[in-house]
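Before any comments, here is the structure.
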Amino acid sequence: MSRAWTMAGVGLAAGVAGTALRRWHTGWGATPRERSGRLPGDEVGVSGFGMRATRAITIDAPPEDVWPWIVQLGVGKAGWYSYDLLDNLARPSSTDVLPQWQRVAIGDPAAPMDPFAPLERSPWRVAGVEPASCLLWRNDTAGTWAWSLRPLPDGGTRLVSRIRISYASPGGLAFAPLLEVADFPMYRRMLLGIKQRAERLAGERAAG
């Protein structure tokens, strides 16, 4: 009996720790208001069990110096500014703004992740765009991915990103292991990569 109670206690503790860890990494860097606040794409229904992650970072650069790095994200574009060996076929993510990816329109393919498929086959599409302010990607079978750039009084930017994925769809189910295990460290590295690049760009502009 004591062994059964011990195992039950261990299981309960593991469950509590897992829940706390998931809440932490799906809200990394975001304030309670940012986590609960609405972002573009929230009006789109995402059915079934899945993941909603709202993450944020403060960048010492104006929104117009942050925007170029977001619109060119993806395999076959600038990369993901993360662990290139894992998510960009070991090709270094770009440290330059690439002019060919700076024009964005609703309906354009976005966020390509499959290194072996042409960009046009990406299941993610641009669903909303306000230059230097907001970018929304949508996957009709899986969910939405929003980017909000909020100017700060000191001239910086508060970048808030939210991804909503349903595991009820084939696409969402296929990504479930990646999202639950590998998503956070790669996402965090990506946000830090955006911050580094945007702050360098702002510094170069300031230096003339």
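Pick from the range 40-62 the residues that are of a type in the set (S, T, N, Q) and surrounded by fewer than 16 Cβ atoms within 10 Å (Cβ to Cβ): which of them is farthest from the chain's Cα centre (by Cα)? Let's see the steps before the verdict.
First pass over the range 40-62, keeping only residues of a type in the set (S, T, N, Q): 47, 54, 58.
From what is left, the residues that are surrounded by fewer than 16 Cβ atoms within 10 Å (Cβ to Cβ) are 47, 58.
Numbers: S47: 20, T58: 15 Å.
My answer is S47.
Tell me yes or no: at least one residue of the range 145-162 is crowded, with 22+ Cβ neighbours inside 10 Å, out of contact with any Pro (no Cβ under 6 Å at 6 or more places or on another chain) and either modelled with pLDDT under 95 or in a loop (DSSP other than H, G, I, E, B) (or both). No, the range 145-162 contains no residue that is crowded, with 22+ Cβ neighbours inside 10 Å, out of contact with any Pro (no Cβ under 6 Å at 6 or more places or on another chain) and either modelled with pLDDT under 95 or in a loop (DSSP other than H, G, I, E, B) (or both).
Does W124 count as in contact (Cβ under 8 Å) with a residue 60 or more places away in the chain and crowded, with 19+ Cβ neighbours inside 10 Å?
No.
Going through (1) in a loop (DSSP other than H, G, I, E, B); (2) at pLDDT below 95; (3) charged (D, E, K, R) one by one, R38 falls short only on (2).
Taken together, D114, D108, D96, D140 contain a single residue that is surrounded by 17 or more Cβ atoms within 10 Å (Cβ to Cβ) and not hydrophobic (A, V, I, L, M, F, W, C), which is D108.
Return yes or no: is R52 more than 24 Å from F184 (Cα to Cα), modelled with pLDDT under 95 and not hydroxyl-bearing (S, T, Y)? Talk me through it step by step, then tell me what you get.
Values: more than 24 Å from F184 (Cα to Cα): no; modelled with pLDDT under 95: yes; not hydroxyl-bearing (S, T, Y): yes.
Considered against the rule, which asks whether it is more than 24 Å from F184 (Cα to Cα), modelled with pLDDT under 95 and not hydroxyl-bearing (S, T, Y), R52 comes out as no.
Scanning the range 55-77 for residues that are under 17 Å from R189 (Cβ atoms) and touching a Lys or Arg at 6+ places or on another chain (Cβ under 9 Å) turns up R55, A56, I57, T58, I59, V66, W69, V75. In the range 68-80 there is at least one residue that is in a helix (DSSP H, G or I) and within 21 Å of W28 (Cβ to Cβ). Consider the range 127-137 and keep the residues that are in a strand (DSSP E or B) and not aliphatic (A, V, I, L, M). The one that is surrounded by the most Cβ atoms within 10 Å (Cβ to Cβ) is W137.
The values are calculated or read from the model by the stated rules, or taken from the named source; none is laboratory data. Worth saying up front: this structure is predicted, and the values here are computed from it rather than measured. Quick reminder, even Gly has a Cβ in these numbers, built from the backbone with ideal geometry, and neighbours come from all protein chains shown.
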